[in-house]
1. If you bin the C-alpha pair distances of the range 156-244 every 10 Å from 0, what whole percents do you get?
2. Apply the Karplus curve 6.51 cos²θ - 1.76 cosθ + 1.60, θ = phi - 60°, to the phi angles in the range 211-218 and return the couplings in whole Hz, x for Gly and Pro.
3. With springs only between Cα atoms under 10 Å, which of Thr196, Thr215, Thr228 fluctuates most in a Gaussian network model of the chain?
4. Carbon and sulfur atoms: what percent of the 1.4 Å accessible area of the range 65-136 do they account for?
5. Return the single residue from Asn81, Asn161, Asn112 with maximal mean-square fluctuation; model: Gaussian network over the chain, springs between Cα atoms under 10 Å.
6. What is the pair-distance distribution P(r) of the range 56-152, computed from all Cα-Cα distances in 5 Å bins starting at 0, with each bin given as a whole percent?
7. Residue farthest toward the positive end of the dipole of the chain, with Cβ of Lys/Arg at +1 and Asp/Glu at -1: which of Gly150, Trp198, Ala212?
8. Could you give log10 I(q)/I(0) at q = 0.14, 0.16, 0.24 Å⁻¹ for the range 230-297, computed by the Debye formula over C-alpha point scatterers of equal weight, without solvent?
Amino acid sequence: PVRAASALLLSLAGAPALARDPIFDLPIACDLGTTCYIQQFVDHDSGLGASDFACGTLSYDGHKGTDFALPSRAAQSAGVNVLATAPGTVTAIRDEMPDILQGTPGAPDITNLDCGNGVVVNHGDGWETQYCHMALGSIAVEPGQTVAMGTVLGQVGLSGNTQFPHLHLSVRHNGAVIDPFDPDGAITCGDPSTTTLWLTRPDTPAGGAVNAGFTTGVPYYADVKAGTVTASVGTRVPLVLWAYFFGSQAGDTVTLTITGPGGAVFTTTDPLDRTQAQFFRAGGKRAPAEGWPPGTYTGTATLTRDGAVIDTITAQTTLN
């Protein structure tokens with residue numbers, strides 16, 4: 001799939017934090033916005049609700065970190081490195097829990113083990129980072145080891161309290177949770193802080209597209225999340241476009257469009273009635289009696305909010 005630049009960001013720029021604070025690089029070896037994305041942020045709502053640093057919905061009650069998600073379990077299986085965000089000393093590791101999603105057969109008891117396999121790094125002056133849900137057998141450091149910014153700590157996994165492949169990064173100062181996107185915690189809705197702990201502040205779309213493709217029928221959601229949807233299309237079978245998104249809000253719309261050698265083939269706009277962390281949509285058309293004309297077919301999926309395009313993703317297939 002080909003990604004289009006997101007038009008709506010939680011914030012467009014960011015200034016570095018104060019000189020006395022640590023500066024962090026990304027904790028994951030991926031192309032943010034293409035091969036990974038930020039699914040959730042620290043929860044800033046002190047009550048039973050949830051709110052990210054921009055008063056958005058990309059968090060859940062009590063969430064204490066930033067989740068860097070991969071587009072599928074297939075991407076996780078291929079191996080994605082977890083990196084030290086800043087220089088420091090490893091103080092703790094765990095590398096004994098299986099990579100099994102919670103809620104699936106064989107998932108282990110995670111009482112007091114929500115983090116799964118992980119690493120804790122001390123950065124001095126009361127600052128530490130914790131890296132969670134790492135792959136069993138992947139931890140590449142030991143307690144007492146000194147690491148530099150970018151040192152490989154292990155790989156993204158599925159261990160602990162997780163239902164999708166991602167790295168959970170927690171930042172703490174003197175034991176208190178700190179949001180690297182808004183370290184002073186002074187939230188002003190509609191005007192996110194420009195002071196962050198990031199070396200280069202990541203873009204933070206308020207939702208977006210993860211993956212898309214063609215198939216011959218509406219795929220199972222489990223296959224979409226696993227990255228195993230087959231694309232065996234042909235001239236005599238239905239042509240179906242599917243698209244996988246994150247961060248929807250009630251009132252958003254998803255538009256699916258398929259065009260072929262002869263022009264428009266299919267289009268539909270689907271209003272969304274609830275907020276969802278992840279979701280997918282699919283739509284298409286049966287083959288005409290004479291079969292689809294040979295050539296290239298392009299599918300476009302667009303997530304729109306309040307009249308503004310949040311993200312667009314495209315996929316192509318060639319029928320012979």
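The values are calculated or read from the model by the stated rules, or taken from the named source; none is laboratory data. Just so you know, these numbers come straight off a predicted model, no measurement behind them. All Cβ positions, glycine included, derive from the backbone under ideal geometry; neighbour counts span all protein chains shown. Areas reflect the complete protein model, heavy atoms only, side chains present, ligands, DNA and RNA absent. Shrake-Rupley method; radii C 1.70, N 1.55, O 1.52, S 1.80 Å.
1. Pair shares across the bins are 12, 28, 26, 20, 11, 3, 0.
2. Using θ = phi - 60°, the values come out as 7, 7, x, 10, 7, 9, x, 5 Hz.
3. Thr228
4. After summing per-atom areas, the C and S share lands at 49 percent.
5. Answer for the Gaussian network model of the chain: Asn112.
6. 2, 11, 20, 23, 21, 14, 7, 2, 0
7. Ala212
8. Per q value, in the given order, log10 I(q)/I(0) is -0.50, -0.62, -1.02.
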